[in-house]
1. All but one of (1) on the phi < 0 side of the Ramachandran plot; (2) in contact with a helix residue (DSSP H, G or I) (Cβ under 8 Å, 6 or more places away or on another chain) hold for residue 340; which doesn't?
2. Residues that are touching a strand residue (DSSP E or B) at 6+ places or on another chain (Cβ under 6 Å), on the phi > 0 side of the Ramachandran plot and within 14 Å of ligand 2 (Cβ to nearest atom): does the stretch 76-99 have at least one?
3. Which residue, of 235, 201, is more than 19 Å from residue 128 (Cα to Cα) and within 17 Å of the chain's Cα centre (by Cα)?
4. Is it the case that the stretch 309-321 has a residue that's crowded, with 24+ Cβ neighbours inside 10 Å, touching a helix residue (DSSP H, G or I) at 6+ places or on another chain (Cβ under 6 Å) and more than 20 Å from residue 282 (Cβ to Cβ)?
5. Could you tell me which numbered condition residue 247 fails, if it satisfies all but one of (1) surrounded by fewer than 22 Cβ atoms within 10 Å (Cβ to Cβ); (2) out of contact with any helix residue (DSSP H, G or I) (no Cβ under 6 Å at 6 or more places or on another chain); (3) in the same structural domain as residue 190 (by TED's automatic domain parsing)?
6. Of all residues being within 16 Å of ligand 1 (Cβ to nearest atom) and more than 25 Å from residue 77 (Cβ to Cβ) in the stretch 196-231, which is modelled with the lowest pLDDT? Just the residue, please.
7. Residues to consider are 306, 234; find the one that is within 16 Å of ligand 1 (Cβ to nearest atom), surrounded by 19 or more Cβ atoms within 10 Å (Cβ to Cβ) and either assigned to a loop (DSSP other than H, G, I, E, B) or touching a residue at least 12 places away in the same chain (Cβ under 8 Å) (or both).
Ligand code: TYD
Ligand code: MG
């Protein structure tokens with residue numbers, strides 16, 4: 001059989017070169033040439049039509065219940081996956097180094113082993129001793145959990161084919177390399193080639209494979225983004241390294257919704273599920289402190305109440321500073337501008353710091369009003385009413401805009417004992433207000449301030 005060959009393919013225009021060049025000779029872009037394996041041409045002309053394998057079949061005859069999912073004991077993980085592991089699927093778990101990817105996957109491996117499956121944990125980064133130490137810390141032990149310290153893709157594929165495990169983890173995809181390519185492990189071409197080969201094997205042996213992918217800032221090591229189209233499911237483990245909470249978010253899922261979010265906390269003995277995130281996020285709140293407001297945000301389909309803290313203090317010299325932790329800095333700048341211009345709260349000589357408690361990152365604008373009220377509360381040194389939850393997007397004219405899934409948010413606020421909820425006034429009445437909760441509505445930030453900061 002002829003040996004495989006590699007060429008360099010421009011990611012911009014697709015032109016090829018037999019050697020690596022820094023700049024594409026065709027389109028002139030820099031650093032776009034990526035080493036790629038080319039399959040050797042078949043003897044007797046490769047243009048001949050390939051033998052027929054798949055046939056078109058009527059949609060009516062295709063069965064959708066073809067896969068029985070493998071259950072996962074961690075309910076949060078099960079939910080994010082869309083109801084369990086699909087055999088033959090490849091799942092990428094991305095995240096910053098040190099966030100807990102290896103911990104999560106070792107816990108999952110132990111769970112799979114406990115369910116009676118043979119599990120292969122391939123580690124390209126850590127020695128079996130290091131993994132053993134983590135396993136001891138997690139209280140993990142099992143006869144059917146195997147560890148393979150290996151970085152060669154070909155060796156890994158061979159071991160999987162021989163052992164035929166029921167569950168495989170490859171930690172990490174950036175640490176392994178294919179012998180067919182000359183580029184170093186972690187490069188775009190290596191990462192892609194390895195993931196594609198594992199995907200083919202997973203499908204042919206019907207084994208689920210979980211890959212770890214580090215998120216990296218520089219382009220030297222390829223991050224999970226270059227793999228998103230190759231794998232079936234992409235989950236990101238996020239959180240603040242200095243806080244214990246971790247969010248597992250689906251960004252792509254061929255077998256389920258991408259709206260699901262799992263909440264975990266990193267404990268002494270690994271990741272623990274947080275069944276009641278709102279309660280956890282509000283646990284350390286000081287109800288009478290100024291500069292604090294409770295926002296009702298949605299993480300996927302799940303409402304979570306979080307405390308937003310703001311502190312405004314006089315700028316000592318130079319330009320006033322704006323610091324955002326957990327909310328988008330541009331959103332904060334917009335809210336500061338609206339507060340100065342539309343509400344008349346002078347922030348030109350104030351440093352403004354905003355923090356979302358617990359290390360959560362809020363991406364939806366529904367928390368705008370809570371951020372604005374927290375800032376105003378700090379400036380005026382008047383606390384926001386302690387029994388009030390806040391929902392609403394703020395527009396540039398200082399108007400409040402309605403947000404989606406209001407009903408769910410209200411139910412969660414009522415469940416946590418909030419008696420009032422401040423939200424935007426819209427044309428239609430708010431329906432299905434939970435018992436015990438009073439809905440207060442206002443049209444502008446100004447009006448909302450009057451209600452929330454009333455003494
Ligand atoms: P790790 O899973 O090694 O992260 P990743 O694979 O994403 O790089 O976990 C890293 C951190 O988690 C490490 O700083 C220690 C902490 N940790 C705990 O707090 N509790 C535990 O039980 C374990 C195993 C780790
Ligand atoms: Mg790791």
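1. (2)
2. Checking the stretch 76-99: at least one residue is touching a strand residue (DSSP E or B) at 6+ places or on another chain (Cβ under 6 Å), on the phi > 0 side of the Ramachandran plot and within 14 Å of ligand 2 (Cβ to nearest atom).
3. The unique qualifying residue is 235.
4. yes
5. The one condition residue 247 does not meet is (1).
6. Result: 221.
7. Being within 16 Å of ligand 1 (Cβ to nearest atom), surrounded by 19 or more Cβ atoms within 10 Å (Cβ to Cβ) and either assigned to a loop (DSSP other than H, G, I, E, B) or touching a residue at least 12 places away in the same chain (Cβ under 8 Å) (or both) holds for just one of 306, 234, which is 234.
Residue-by-condition table, conditions (1) outside the structural domain of residue 254 (by TED's automatic domain parsing); (2) closer than 17 Å to residue 271 by Cβ; (3) buried (at least 24 other Cβ atoms within 10 Å of the Cβ); (4) within 16 Å of ligand 1 (Cβ to nearest atom):
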| position | (1), (2), (3), (4) |
| --- | --- |
| 92 | no, no, yes, yes |
| 96 | no, yes, no, yes |
| 100 | no, yes, no, yes |
| 103 | no, yes, no, yes |
| 109 | no, yes, yes, yes |
| 118 | no, no, no, no |
| 121 | no, yes, yes, yes |
| 125 | no, no, no, yes |
| 128 | no, no, no, yes |
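The values are calculated or read from the model by the stated rules, or taken from the named source; none is laboratory data. Remember, predicted model here, so these are calculated numbers, not experimental data. So basically every Cβ, Gly included, is an ideal-geometry build from the backbone, and we count neighbours across all protein chains shown.
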